[in-house]
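Engineer: Quick one: the structure is below, questions incoming.
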Amino acid sequence: MSELNYDVIVVGSGAGGAMAAYTLTKLGHKVLMLEAGRDYDPKTETPMFNTNGDAPLMGSGNVDKDFGFYDATVDGGWTVPDEPYTTGPDSEFLWWRARMLGGRTNHWGRYSLRFSKHDFKGFTRDGLGADWPFEYDDISPWYDKTEELVGICGTNTGLDDMPDSPEGILQPPPKPRIPELLVSAAAKKLGIPTAPMHRAVLTRPKDDRQACFYATSCIRGCSIGAAFQTTTSLLPMAKATGRLTIITDAMVKAVNVDDKGKVNAITYIDKKTKQTHKLDAKVIILAASACESARILLNSKSERHPQGLANSSGHVGKNIMDSTGVSFGAHIPSLEGRPKYNEDGHTANHLFIPWWGHKKQENKELDFPRGYHFEIGSGFRAPGSWVGGDLDGYGKPLKDIAKQAYGTYVGLALRGEMLPNAGSYMEIDEEVKDKWGIPVVKFHWKWSEHELKQVEHGLKTAKKILETMGASFTKPLPKAQDAILKGGQIIHEVGSTRMGANPKESVTNQWGQTWDCDNVFVMDGGVFASNPHKNCTLTIMTLAMRNSTWLSKQLVNGVL
Ligand SMILES: Cc1cc2nc3c(=O)[nH]c(=O)nc-3n(C[C@H](O)[C@H](O)[C@H](O)COP(=O)(O)OP(=O)(O)OC[C@H]3O[C@@H](n4cnc5c(N)ncnc54)[C@H](O)[C@@H]3O)c2cc1C
Ligand code: SF4
């Protein structure tokens, strides 16, 4: 049993866990954080200024570095050594995990869009999926606080898909790139808006963090703290309170209960010594990422909780949603031969296309529910292995056409809402264990006709926009079922421990507190009741801040 002195144990140091630890320590509570990955310091470990030319294969990805040779993920990726997972028959699912302090925040895309009024009440609007157990107005002050703390650049647009932030919260967005302005002009002709992307990147200095200098690749990590990651912001800030203790290489296996079924301890394996430890626990926050937290709950079986902890509803592991994804792009002739200059910007797109179809859906003009957005890929990025693309040739002639084509390709990446369906869920594989003896997850996956129709619409729209920009196509559009990316591949998996208004159809209440065990909370994407097309992490952090503040009140008032 533990000799450490703490009020709350937080599992995981990514977006949800770090925000919970930050909020609780600032409110005066002592927190112990258990993180399965190794310690990581972006200030000293980030290869920001190396060039792709210095790296093997011109910096392109390999089995250890899926997102390129210099990717910030020092441990993890599509496969994690010694930690397999399985998939059911006819199911394809890709599970991206980071095993390092800060989790996936060290290299995420940092797109950070608020969900809006209609996003929280999808079921009420079209009878599909589930509503969230609160309104947009309940969460909007928490979005304000999170955006302020995290540092989000962008602007208020007044568009119905993008709720405004109060004056002074958002930092100014970077200027659009030339190809993005061309997309914007073409989209406008078709009645489709474009807007500055909201991104967790500082364009002005804040706290100890510096502003972006627009010259390096954010997926390598950001040693100056401009791009938000918990390792350069929330974790150091929480540590500075003197109330946060972090144990890395601590793989949580299960949550333990007493004779009455109340949680009283947590078991983890020290990956370095391979020893098992059991710690006393008054309150536990699971923020190990949606499917890992569900795995811990399902693996925490006891006499009182035979289907796994907090699973009397049978909903742990069900309702998993990812975003839909498909990419479509083309060479734009009018971009050839323009002067070459540094167009890196803050790496990702400066403009994007938010969802514009709510009115059309109300008028029944579209054959699919919910929405999608397009992220724009373009510009003169630092050359890497991708520069040759599908160009043919050898030597100087190839160099010449590569130069001519450099910066002329525009890609539109669709990210759309998925609805939960009975064929998309996870369970524990009774046959397979990981290196630490912990039973692994088995995924089942199915896209429904809602997602396929949405992708079909997206492909047609992307083609129209690119044609309006001057692109020409010789091949027909791919079929939606062939073009849609695999389940999990967009890395926005959520919903495995969803929140709701009653314990029969959900795992937690609106505070992330499990209905069955009042001292166990979930503070990652598992609690999402739906998965709007907007990237999930801003909402994970906002909920973690709001729900930890509520938890703090329960602790102070002696309710927990
Ligand atoms: C390439 C990429 C691009 C992305 N782009 C975006 C984007 O633009 N916008 C967006 O909103 N989201 C994006 N995401 C998704 C985003 O990273 C995740 O939504 C977010 O990080 C989830 O936060 P989390 O706290 O739930 O989990 P994580 O950040 O994954 O953190 C979980 C932590 O828990 C630890 N852990 C897991 N299991 C255990 C265990 N048993 N015991 C102890 N510790 C454990 C892990 O090691 C990890 O450090 C992207 C992700 C990737 C990989
Ligand atoms: S582009 Fe800006 S935010 Fe991204 S890594 Fe470089 S300095 Fe950091």
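The values are calculated or read from the model by the stated rules, or taken from the named source; none is laboratory data. Remember, predicted model here, so these are calculated numbers, not experimental data. Note: ideal-geometry Cβ built from the backbone for every residue, glycine included; neighbour counts use all protein chains shown. Note: accessible area is taken over every heavy atom of the protein model, side chains too, but ligands, DNA and RNA are not part of it. Shrake-Rupley method; radii C 1.70, N 1.55, O 1.52, S 1.80 Å.
Engineer: What are the residues in region 355-381 that are part of a loop (DSSP other than H, G, I, E, B), over 15 Å from Gln454 (Cβ atoms) and open to solvent by 60 Å² or more (accessible area, probe 1.4 Å), if any?
Structural biologist: Restricting attention to region 355-381, the residues satisfying the condition of being part of a loop (DSSP other than H, G, I, E, B) are 355-357, 363-371, 378-381.
Next cut, over 15 Å from Gln454 (Cβ atoms) only: 363-364, 378-381.
Hits for region 355-381 are Asn363, Lys364, Arg381.
Engineer: Can you tell me which residue among Leu113, Leu181, Leu149, Leu159 is part of a loop (DSSP other than H, G, I, E, B) and under 24 Å from Tyr214 (Cα atoms)?
Structural biologist: Working: Leu181 fails: part of a loop (DSSP other than H, G, I, E, B); Leu149 fails: part of a loop (DSSP other than H, G, I, E, B); Leu159 fails: under 24 Å from Tyr214 (Cα atoms).
Sole residue among the options that is part of a loop (DSSP other than H, G, I, E, B) and under 24 Å from Tyr214 (Cα atoms): Leu113.
Engineer: Follow-up. Pick from region 87-110 the residues that are more than 11 Å from ligand 1 (Cβ to nearest atom) and in a strand (DSSP E or B): which of them is nearest to Trp445 (Cα to Cα)? Steps first, answer last, please.
Structural biologist: Of region 87-110, the ones more than 11 Å from ligand 1 (Cβ to nearest atom) are 87-93.
Filter once more, keeping what is in a strand (DSSP E or B): 87, 93.
Working: Thr87: 8, Phe93: 6 Å.
My answer is Phe93.
Engineer: Against the condition open to solvent by less than 30 Å² (accessible area, probe 1.4 Å), without any contact (Cβ under 8 Å) to a residue 60 or more places away in the chain and part of a loop (DSSP other than H, G, I, E, B), how does Gly345 come out, does it pass? Talk me through it step by step, then tell me what you get.
Structural biologist: Numbers: open to solvent by less than 30 Å² (accessible area, probe 1.4 Å): yes; without any contact (Cβ under 8 Å) to a residue 60 or more places away in the chain: no; part of a loop (DSSP other than H, G, I, E, B): yes.
No: the conditions fail for Gly345.
Matching residues to (1) out of contact with any strand residue (DSSP E or B) (no Cβ under 8 Å at 6 or more places or on another chain); (2) open to solvent by 60 Å² or more (accessible area, probe 1.4 Å):
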residue	(1), (2)
Leu24	no, no
Leu27	yes, yes
Pro47	yes, no
Asn52	yes, no
Leu57	yes, yes
Gly61	yes, no
Lys65	no, no
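For (1) open to solvent by 10 Å² or more (accessible area, probe 1.4 Å); (2) under 24 Å from the mean Cα position of the chain (by Cα); (3) in contact (Cβ under 8 Å) with a residue 12 or more places away in the chain, each residue gets a yes or a no:
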| site | (1), (2), (3) |
| --- | --- |
| Ser289 | yes, yes, yes |
| Arg304 | yes, no, yes |
| Asn319 | yes, yes, yes |
| Ser323 | no, yes, yes |
| Leu335 | no, no, yes |
| Ile353 | no, yes, yes |
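Okay, residues lined up against (1) small (Gly, Ala, Ser); (2) touching a residue at least 12 places away in the same chain (Cβ under 8 Å); (3) in a loop (DSSP other than H, G, I, E, B):
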| site | (1), (2), (3) |
| --- | --- |
| Ala471 | yes, yes, yes |
| Pro476 | no, no, yes |
| Gln481 | no, yes, no |
| Leu485 | no, yes, yes |
| Ile490 | no, yes, yes |
| Glu505 | no, yes, yes |
| Trp511 | no, yes, yes |
| Ala529 | yes, yes, yes |
| His533 | no, yes, yes |
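Engineer: OK, next. If only one of Pro420, Pro439 is in contact with a Gly (Cβ under 6 Å, 6 or more places away or on another chain) and open to solvent by less than 60 Å² (accessible area, probe 1.4 Å), which one is it?
Structural biologist: Values: Pro439 fails: in contact with a Gly (Cβ under 6 Å, 6 or more places away or on another chain).
After applying the criteria, what remains is Pro420.
Engineer: Another question about this same structure. For region 192-200, check the following and say yes or no: at least one residue is among the hydroxyl-bearing types (Ser, Thr, Tyr), open to solvent by less than 30 Å² (accessible area, probe 1.4 Å) and more than 16 Å from ligand 2 (Cβ to nearest atom).
Structural biologist: First, the residues of region 192-200 that are among the hydroxyl-bearing types (Ser, Thr, Tyr): 194.
Checking the rest, the ones that are also open to solvent by less than 30 Å² (accessible area, probe 1.4 Å) come to none.
No.
Engineer: Moving to a separate point now. Thr267 fails exactly one of the following numbered conditions: (1) within 26 Å of Lys553 (Cβ to Cβ); (2) within 15 Å of ligand 1 (Cβ to nearest atom). What is the number of that condition?
Structural biologist: It fails just one condition, (1).
Engineer: Does Pro179 satisfy the condition of being open to solvent by 40 Å² or more (accessible area, probe 1.4 Å) and either modelled with pLDDT of 95 or more or over 28 Å from Phe368 (Cα atoms) (or both)? Talk me through it step by step, then tell me what you get.
Structural biologist: Details: open to solvent by 40 Å² or more (accessible area, probe 1.4 Å): no; either modelled with pLDDT of 95 or more or over 28 Å from Phe368 (Cα atoms) (or both): yes.
Here the answer is no, as Pro179 does not meet what is asked.
Engineer: Is one or more of the residues making up region 304-325 within 25 Å of Met19 (Cβ to Cβ) and either modelled with pLDDT under 95 or not in a loop (DSSP other than H, G, I, E, B) (or both)?
Structural biologist: yes
Engineer: Any idea which residue in region 225-248 is nearest to ligand 1 (Cβ to nearest atom), counting only those that are open to solvent by 30 Å² or more (accessible area, probe 1.4 Å) and in a loop (DSSP other than H, G, I, E, B)? It would help to see each step written out before you state the result.
Structural biologist: Taking region 225-248 first, the residues open to solvent by 30 Å² or more (accessible area, probe 1.4 Å) are 236-237, 239-243, 245-248.
With the extra rule that they be in a loop (DSSP other than H, G, I, E, B), the set shrinks to 240-243, 248.
On the way: Ala240: 20, Thr241: 20, Gly242: 23, Arg243: 20, Thr248: 9 Å.
By that ranking, first place goes to Thr248.
Engineer: Still on this structure, please answer the following. Return the residues of region 36-54 that are touching a helix residue (DSSP H, G or I) at 6+ places or on another chain (Cβ under 9 Å) and not polar (S, T, N, Q); say none if nothing qualifies. Even if it seems obvious, please write down each step before you answer.
Structural biologist: So in region 36-54, the residues touching a helix residue (DSSP H, G or I) at 6+ places or on another chain (Cβ under 9 Å) come out as 36-37, 40-43, 46-48, 50-53.
If the condition is that a residue be touching a helix residue (DSSP H, G or I) at 6+ places or on another chain (Cβ under 9 Å) and not polar (S, T, N, Q), then Ala36, Gly37, Tyr40, Asp41, Pro42, Lys43, Pro47, Met48, Gly53 are the ones that fit.
Engineer: Somewhere in region 8-22, is a residue among the aliphatic types (A, V, I, L, M), within 28 Å of Pro81 (Cα to Cα), more than 12 Å from ligand 1 (Cβ to nearest atom) and in contact with a helix residue (DSSP H, G or I) (Cβ under 8 Å, 6 or more places away or on another chain)?
Structural biologist: No.
Engineer: Within region 473-490, does at least one residue satisfy the condition of being closer than 15 Å to Arg415 by Cβ, within 18 Å of the chain's Cα centre (by Cα), among the aliphatic types (A, V, I, L, M) and open to solvent by 10 Å² or more (accessible area, probe 1.4 Å)?
Structural biologist: Scanning region 473-490, I find at least one residue that is closer than 15 Å to Arg415 by Cβ, within 18 Å of the chain's Cα centre (by Cα), among the aliphatic types (A, V, I, L, M) and open to solvent by 10 Å² or more (accessible area, probe 1.4 Å), so the answer is yes.
Engineer: If we scan region 62-79, do we find a residue that is in contact with a helix residue (DSSP H, G or I) (Cβ under 6 Å, 6 or more places away or on another chain) and of a type in the set (A, V, I, L, M)? First the steps, then the outcome.
Structural biologist: Residues of region 62-79 in contact with a helix residue (DSSP H, G or I) (Cβ under 6 Å, 6 or more places away or on another chain): 67-72.
Still in the running and of a type in the set (A, V, I, L, M): 72.
The answer is yes; a qualifying residue exists.
Engineer: Kindly indicate which of Ser217, Ser184 is more than 8 Å from ligand 2 (Cβ to nearest atom) and under 20 Å from Phe380 (Cβ atoms). First the steps, then the outcome.
Structural biologist: On the way: Ser217 fails: more than 8 Å from ligand 2 (Cβ to nearest atom).
That would be Ser184, the only listed residue that is more than 8 Å from ligand 2 (Cβ to nearest atom) and under 20 Å from Phe380 (Cβ atoms).
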